[in-house]
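The structure appears right after this line, and notes come after that.
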Amino acid sequence: MDAKQQEEYTAFITQEKRKYSCGHVTDEERTSFEQERLLLRSFHIPSDIGPISAARGVLS
Amino acid sequence: MMISTQLHQLTLAEAGHLIRTKSVSPVELTQAYIDRIHATNDRVQAWATLTADAALASAAEAERQISSGQYKGLLHGIPYGAKDIISTAGIRTAAGSLVNSDYIPEANAAVIERLESGGAILLGKTTTTEYAYQGGEAPTRNPWNLAHTPGGSSSGSAAAVAAGMAAFTLGTQTFGSLIRPAAYNGLTCMKPTFGRISRYGVFYASWSLDHIGAFTRTVEDTAIALEGLAGQDSRDPASIQGSSPPFTEALNRDIRGMIIGIPDSFFIAEDPAISAAVEAAIEVLRSLGVRIKKVKLPACIEEAVAAHRMTMRAEGAAFHMEMYKTRAEYYGPAMREQLELGYELSAVDYLHAQRVRTLFRNEMMHLFDEVDVLLTPSTPTLALPGYKTGSPMFNGPLTNTGLPAMTIPIGLEASRQLPIGMQLAGPLMGEDRLLAIGHQFQQATKWHQLTATLEEKAN
């Protein structure tokens, strides 16, 4: 990596870390998380629909 | 078959043909890739670990086997790279993280086992975002325009093939980490049906969402790699039972009369260059005899995206729980953020998300009652300038449902010289349709033959 690339990458990493100076979860991500959880909780699913399985195997 | 002039520019199929006919030796080919890595990796930063000496030793062994009549198939003697979340015996597998940065696995992942038994040559490990999460980006650059991201999380795998540093590479996708970087780098890549390729020995990002695939330059190469990688494995609980089909036999299947569905919403590209390239690609497909039909996506697609993200948070938090108890401060901030949110989720929220996924999957599968495949842009934007790896939103619905998807290069944006990809998706176990359409598209176009210049271009 040349010096310019190294400088740009280091600046990017520093900027990313700065987003978390007030805690592990940014306000933006917290808002997104809460909105997604609300969206899911308010969504009606027919009672015969069960959870998808992590180990489903498409033919089993 | 068209044969390129330089060894590092050969397709996998071309190199396999030359090795089989003993026109090129595995040692020559491996040395050519190592030379190419030494000449270009300083600019691209695609490799986390290079194992040149071991690769040359494996190549010499492959050469001895082939000379003595023990030819194993088209992958024999072909150099490749593996994303650094895939375990490699005796080779550091750090997963782009400081959490366990000196980890050296004792055993190979199933995909490495399979490639080793097929005689392929491991060149080393390619860069990844931290544990294949979004965030924790590697310094890897896009070989088409060094000021831009190659995408992620399989950043190094995509960039390595685009820069001619490997014949093919392995990557993984939990949201869009195969299709998006492949599209950004002008490559052909398939995310096969969920369970098609064993994840045994790969760091999980999410048990119910992780897929493995190969970055290649052509659809023919994708089919060859898929034949080498796919197969039942009792060590992966999601593994598809039974034997895999011969994927290369699908390439020349008649596609005339096939119906391609174009979704009427959600997959709307933000960059007009992408929309124009997709329209042009559709015209090429029409000329090949396929029919085009608009289709309506399931109404619950936004809920499905939310369910996808909740699943990643919960399953990722569960996977990392033991390590996180003692080494939380070693995780990068973007990954730590997702793990923290994962620990906040209730079992009820997680199960509700899985029920949304079931509903969405069922409705997506019904689309294939009226069309043979779906066609969308591979990405909403071109590769972004800087280090953020871009949006995986167009790839998520296919990862979420486990349906097979493939990206094919369909254009190059003129001013920034960045590639554009088209995503094809099929029904479960329907890889053959994607391979047939993709291969015949590539017989009619030249976008997959363009090579990256490894220069920085003004935006």
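Things to note:
- For the range B:231-270, filtered to residues that are in contact (Cβ under 8 Å) with a residue 24 or more places away in the chain, assigned to a loop (DSSP other than H, G, I, E, B) and among the hydroxyl-bearing types (Ser, Thr, Tyr), the residue that is nearest to B:Thr381 (Cα to Cα) is B:Ser265.
- Residue satisfying condition, being part of a helix (DSSP H, G or I), within 13 Å of chain A (Cβ to nearest Cβ), at pLDDT 95 or above and under 28 Å from B:Pro409 (Cα atoms), within set B:Ala273, B:Ala304: B:Ala304
- Restricting attention to the range B:2-60, the residues that are in a loop (DSSP other than H, G, I, E, B) and over 25 Å from the mean Cα position of the chain (by Cα) add up to 6.
- Scan of the range B:214-245 for residues that are within 14 Å of chain A (Cβ to nearest Cβ) and touching a helix residue (DSSP H, G or I) at 6+ places or on another chain (Cβ under 6 Å), ordered by number: B:Asp233
- Test: B:Ser117 is over 27 Å from B:Gly195 (Cα atoms), of a type in the set (Ser, Thr, Tyr) and surrounded by fewer than 23 Cβ atoms within 10 Å (Cβ to Cβ): no
- Test: residue in the range B:327-334 that is assigned to a strand (DSSP E or B) and buried (at least 22 other Cβ atoms within 10 Å of the Cβ): no
- Residue match in the range B:51-60 (condition: in contact (Cβ under 8 Å) with a residue 60 or more places away in the chain, under 25 Å from B:Ser206 (Cβ atoms) and in contact with a Leu (Cβ under 7 Å, 6 or more places away or on another chain)): no
- Answer from B:Gly171, B:Gly195, B:Gly152 - the residue that is outside any loop (DSSP other than H, G, I, E, B) and either in contact with a Ser or Thr (Cβ under 9 Å, 6 or more places away or on another chain) or assigned by TED's automatic domain parsing to the domain that holds B:Gln423 (or both): B:Gly171
- Checklist (1) modelled with pLDDT under 95; (2) more than 27 Å from B:Ser206 (Cα to Cα); (3) at the interface with chain B (Cβ under 8 Å from one of its Cβ atoms) applied to A:Val58, failing item: (2)
- Filter result for the condition that a residue is buried (at least 21 other Cβ atoms within 10 Å of the Cβ) and assigned by TED's automatic domain parsing to the domain that holds B:Leu251, over B:Ala383, B:Ala444: B:Ala383
- Residue in the range B:344-366 that is aliphatic (A, V, I, L, M) and either under 17 Å from the mean Cα position of the chain (by Cα) or away from chain A (no Cβ under 14 Å) (or both) present: no
The values are calculated or read from the model by the stated rules, or taken from the named source; none is laboratory data. Remember, predicted model here, so these are calculated numbers, not experimental data. Quick reminder, even Gly has a Cβ in these numbers, built from the backbone with ideal geometry, and neighbours come from all protein chains shown.
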